[in-house]
Amino acid sequence: MKKLNVLPPSPEESKEDKAVGPGRFPSWLHRKLPSGSEIFQTNAIVSKYRLNTVCEEAKCPNRLECYTKRTATFLALGKACTRNCGFCDIDFSKQPIAPAADEPERIALSVRDLGLRHAVITMVARDDLPDEGATHIAEIVRAIRKENPGTTVELLTSDFSGRTELLDIVLAEKPEIFNHNIETVRSFTPRVRHKAGYERTLSVLRHAKSTKLSHYVKSGIMLGFGEKDEEVRETIRELYEAGCDVITIGQYLQASSRKLLVKEFVSPERFKALEKYGHQLGVTHMYCGPFVRSSYNANLFVPGKEAIIST
Ligand code: SF4
């Protein structure tokens, strides 16, 4: 089988790698797909305002479920990213189009029409822009708040190259939840997101926590690249020490043949064990399971309105 990893495989991986592809999913990844008019309504609202969602651009496996719940995660600053991470299927461009000046307002109106009480905004990395998109993201938060008083906001941002002056622009808007994903364990970071850095992510999270401007600091990990449980536990511990209140852990799935191969399907029992480990450390919310994504059921963790979680 032809291998189409974004990054060349390590010598060790070349010997061992096997694709685990569609049709070979374990039983716990089979589920009945939801249906209902809400899916079309959510799509219609997103289309009406010409918005991008990470649900569509990253081919998230939960999109039908989330759309049924009239939820989507908006992808701001265009739909082309200046990085080309090994796991992520969002289009790559060194010079994406300029941010649309009216995008903040269009997102705010879409939040209103969807009736979202908790809005999650994510972004492509815009290393090409002087402020890497920070000012635009801040404008989106202001527009949502103006149009939707009472709606809480979660920002799932890039690392802004670790530039604290840019992070401070978005944190100054006091998003209820500041989210930045570490994505994988330390050893896999160069292959999974070669333009980011494990330590840089920890410093971004530490900085967000130190400002006390968000109620929760959140991060997420994907499993299935071949990482060991000890490494995952180390990452959970380091996220906790960096100040994370919420940690999500889900199964990595290959969104297209251009992306990194799935090396392993992690059982629900292992997810549960990792969840327990995080709770024992003192993490406020661990949300772990095969279908968990960073923004999956994000409304469960709204500060002060948390639901009892059962994955
Ligand atoms: S889990 Fe997140 S990215 Fe996936 S469909 Fe739901 S809201 Fe969108």
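List of remarks:
- Within the span defined as the range 132-147, every residue fails to be over 23 Å from GLU176 (Cα atoms) and either at pLDDT below 95 or not β-branched (Val, Ile, Thr) (or both).
- Residue count for the range 43-60, restricted to those that are in contact with a strand residue (DSSP E or B) (Cβ under 9 Å, 6 or more places away or on another chain) and either of a type in the set (D, E, K, R) or more than 19 Å from PRO104 (Cβ to Cβ) (or both): 5.
- Condition check for ALA101: touching a residue at least 40 places away in the same chain (Cβ under 8 Å) and either of a type outside the set (D, E, K, R) or out of contact with any Phe, Trp or Tyr (no Cβ under 7 Å at 6 or more places or on another chain) (or both): no
- Helices (runs of 4 or more DSSP H) wholly inside the range 26-98 containing at least 2 residues that are closer than 22 Å to THR157 by Cα and within 15 Å of the ligand (Cβ to nearest atom): 54-57, 63-68
- When LEU64, LEU7, LEU51, LEU75 are checked against the criterion of being at pLDDT below 85 and within 22 Å of the chain's Cα centre (by Cα), a single residue qualifies: LEU7.
- Residue within the range 71-93 that is over 29 Å from LEU300 (Cβ atoms), out of contact with any Leu (no Cβ under 9 Å at 6 or more places or on another chain) and surrounded by fewer than 16 Cβ atoms within 10 Å (Cβ to Cβ) present: yes
- Residue count for the range 233-253, restricted to those that are more than 22 Å from ALA298 (Cα to Cα) and either crowded, with 21+ Cβ neighbours inside 10 Å or in contact with a strand residue (DSSP E or B) (Cβ under 9 Å, 6 or more places away or on another chain) (or both): 0.
- Looking at SER214, SER257, SER294, just one residue is polar (S, T, N, Q), under 16 Å from THR184 (Cβ atoms) and not in a helix (DSSP H, G or I), and that residue is SER294.
- Out of ALA138, ALA119, one residue alone is of a type in the set (A, V, I, L, M) and out of contact with any strand residue (DSSP E or B) (no Cβ under 7 Å at 6 or more places or on another chain). It is ALA138.
- Count of the range 149-165 residues which are more than 13 Å from THR211 (Cα to Cα) and assigned to a helix (DSSP H, G or I): 3
- PHE188 meets the stated requirement of being part of a helix (DSSP H, G or I) and of a type in the set (A, V, I, L, M, F, W, C).
- Complete set of residues in the range 273-309 that are of a type in the set (A, V, I, L, M) and either within 16 Å of the ligand (Cβ to nearest atom) or modelled with pLDDT under 95 (or both): VAL292, ALA298, LEU300, VAL302, ALA307, ILE308, ILE309
- Filter result for GLU183 (without any contact (Cβ under 8 Å) to a residue 24 or more places away in the chain and not hydroxyl-bearing (Ser, Thr, Tyr)): no
- Residue tally, condition outside any strand (DSSP E or B), in contact (Cβ under 8 Å) with a residue 40 or more places away in the chain and closer than 17 Å to THR157 by Cβ, over the range 217-243: 2
The values are calculated or read from the model by the stated rules, or taken from the named source; none is laboratory data. The shown structure was predicted, so the numbers you read here are calculated from the model rather than taken from an experiment. Backbone-built Cβ (ideal geometry, glycine too); neighbour counts: all protein chains shown.
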